[in-house]
Amino acid sequence: DQQVKQNSPSLSVQEGRISILNCDYTNSMFDYFLWYKKYPAEGPTFLISISSIKDKNEDGRFTVFLNKSAKHLSLHIVPSQPGDSAVYFCAASEGAGGTSYGKLTFGQGTILTVHP
Amino acid sequence: EAQVTQNPRYLITVTGKKLTVTCSQNMNHEYMSWYRQDPGLGLRQIYYSMNVEVTDKGDVPEGYKVSRKEKRNFPLILESPSPNQTSLYFCASSLPRPGAIYSPLHFGNGTRLTVT
């Protein structure tokens, strides 16, 4: 049972345009959401996160939006750059009151390619 | 340099031959975790540890063992490896809560395991 889903295996955008990566979740106990970026032959690196008490968090070119009612989050990259080409994973965790506190559940990943 | 170190980076073994993948972190992190990455499935959590001598199962613990005798080390043990454990493995660590904004997961660079 995949509790965090990234339904788009890949996304291709032109340099300078916006990249929008999407993520859906099913577990209503999730209260913290993160995005990680992964280059080949490296481990994932943390990109940006958002708490369930917020609906938006910005960090430079990266913005994460959370729609709790739809159980959906998205990562916007503006403007996209060729160096952003990587695999992007969304992840979610439960709060201290949840039965799975300590677990971090990842989606399948989306391969982003930014063309010059 | 703050880092998570996994060894070996590449390992080819045969079915049934016990192996250990080591993981060490130098950031004094309490939380450590093991993930496996498979095509189309993303990162799936195998085991995690909230602190020394405290371990718990993730989503795919079957066929794996872990131990946390000291804070910095969290080895992954495959007592009797099978071909379906062929995968890319990542160790990660963080401060107590992996989803909190002050404690993103730090990942190692991965161990590519092939079981024939």
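The numbers here are math on the coordinates, done by the rules we state, and not lab data. Just so you know, these numbers come straight off a predicted model, no measurement behind them. Every residue, glycine among them, receives a Cβ derived from its backbone with ideal geometry; neighbour counts consider all protein chains shown.
What the table shows:
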{"quantity": "FRET E, pair B:E62, B:A2, Förster distance 45 Å, beta-carbon r, rounded to 0.05", "calculated": "0.90"}
{"quantity": "Cross-link pairs A:K38/B:K69; B:K18/B:K69; A:K71/B:K57; A:K103/B:K69; A:K68/A:K103; B:K18/B:K65 - those with Cα-Cα distance over 23 Å", "calculated": "A:K38/B:K69; A:K71/B:K57"}
{"quantity": "Sorted by Cβ density within 10 Å, fewest first, the residues A:F65, B:F74", "calculated": "A:F65, B:F74"}
{"quantity": "Partner chain coverage, peptide B:46-59 - average Cβ within 10 angstrom", "calculated": "2"}
{"quantity": "Calculated FRET value between A:T26 and A:D55, using beta carbons and R₀ = 25 Å, to 0.05", "calculated": "0.85"}
{"quantity": "Relative exposure of B:L43, B:L88, judged by other C-beta atoms within 10 Å (fewest first)", "calculated": "B:L88, B:L43"}
{"quantity": "Sum of side-chain charges, A:P79 neighbourhood, beta-carbon under 12 Å (Lys, Arg +1; Asp, Glu -1)", "calculated": "0"}
{"quantity": "Exposure proxy order (Cβ contacts within 10 Å, fewest to most) of A:S10, A:S74, A:S80", "calculated": "A:S10, A:S74, A:S80"}
{"quantity": "Unit charges on C-beta of K, R, D, E only; dipole of chain B, Debye", "calculated": "200 debye"}
{"quantity": "Relative contact order (percent, whole number), chain B, Cα cutoff 8 Å, 6+ residue spacing", "calculated": "35 percent"}
